[in-house]
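Working notes, beginning with the structure itself.
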Amino acid sequence: MKKILLLISGIILTVLGGLGVFLPILPTTPFVILAALCFSFSSPKLYNFLIRNKYFGPYIENYRTKKGVPLASKVRGIAAVWILLAFSAVFMQKLWASILFACIAIGVTIHLLCIKTLKPEAESAPREEIAAAKK
């Protein structure tokens, strides 16, 4: 049952990460990283697909090797967390839920701010190295 829930969560997070590429309000990086984590415990095949994917793989690799997360992803991630959790708190209208959502948002914000910010030149360097190796 745990594997199935992690698999479903991974799929949903991958879809949200994919939408984040096109929609400025959704953060790509946190969703893709969480999807990779879910797949690592539920489906090695989907995990390998995700880390080798030409669109999502660099996000995971930069996070895993501690190179950092692009500033734009950090900003969108923090904004999305606060907007979505604030909306949820207003919708639920329960004090305990509002406190819980605020704690989650603070924790995610602190985590994202503590992650190294990926410099634009560091982002393009691996692609240039790969292109040079292919020649």
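Derivation of every value follows stated rules applied to the coordinates shown; laboratory data play no part. Predicted model only: the values in this text are computed from it and were never measured. Quick reminder, even Gly has a Cβ in these numbers, built from the backbone with ideal geometry, and neighbours come from all protein chains shown.
Which of Val75, Val21, Val90 moves most in a GNM of the chain, Cα contacts under 10 Å?
Among Val75, Val21, Val90, the largest GNM mean-square fluctuation belongs to Val90.
If you only keep lysine pairs separated by 8 or more in sequence, or across chains, how many in the chain come under 18 Å at the Cα atoms?
Lysine pair count for the chain: 12.
Could you size up the charge dipole of the chain around its Cα centre, putting +1 on the beta carbon of Lys and Arg and -1 on that of Asp and Glu, and report it in debye to the nearest 20?
320 debye
Among Trp96, Trp82, which comes first, second and so on when ranked by fewest other beta-carbon atoms within 10 Å?
Trp96, Trp82
For the chain, find the longest principal axis of its Cα atoms and tell me its angle to the long axis of helix 95-114, 0 to 90°, nearest 10.
Between the helix axis and the principal axis of the chain, the angle is about 20 degrees.
Summing -39500 (n - 2.57) over the DSSP H runs of n ≥ 4 in the chain and dividing by its residue number, what mean residue ellipticity at 222 nm do you reach, to the nearest 500 deg cm²/dmol?
Value at 222 nm, helices only: -27000 deg cm²/dmol.
Quick one: pull the percentage of alpha-carbon pairs in the chain with a separation above 22 Å.
Value for the chain: 45 percent of Cα pairs lie more than 22 Å apart.
Using a simple spin-label model with points 7 Å from Cα along the Cα→Cβ vector, what separation in nm is obtained for Ile11 and Ala102?
3.8 nm
Once the piece of chain linking Lys119 and Phe91 is laid out straight, how much longer is it, given 0.36 nm per residue of separation minus the C-alpha distance between them?
Stretched out fully, the Lys119 to Phe91 stretch lengthens by 6.3 nm.
Which of Pro44, Pro58, Pro30 moves most in a GNM of the chain, Cα contacts under 10 Å?
In this elastic network of the chain, the residue with the biggest mean-square fluctuation among Pro44, Pro58, Pro30 is Pro44.
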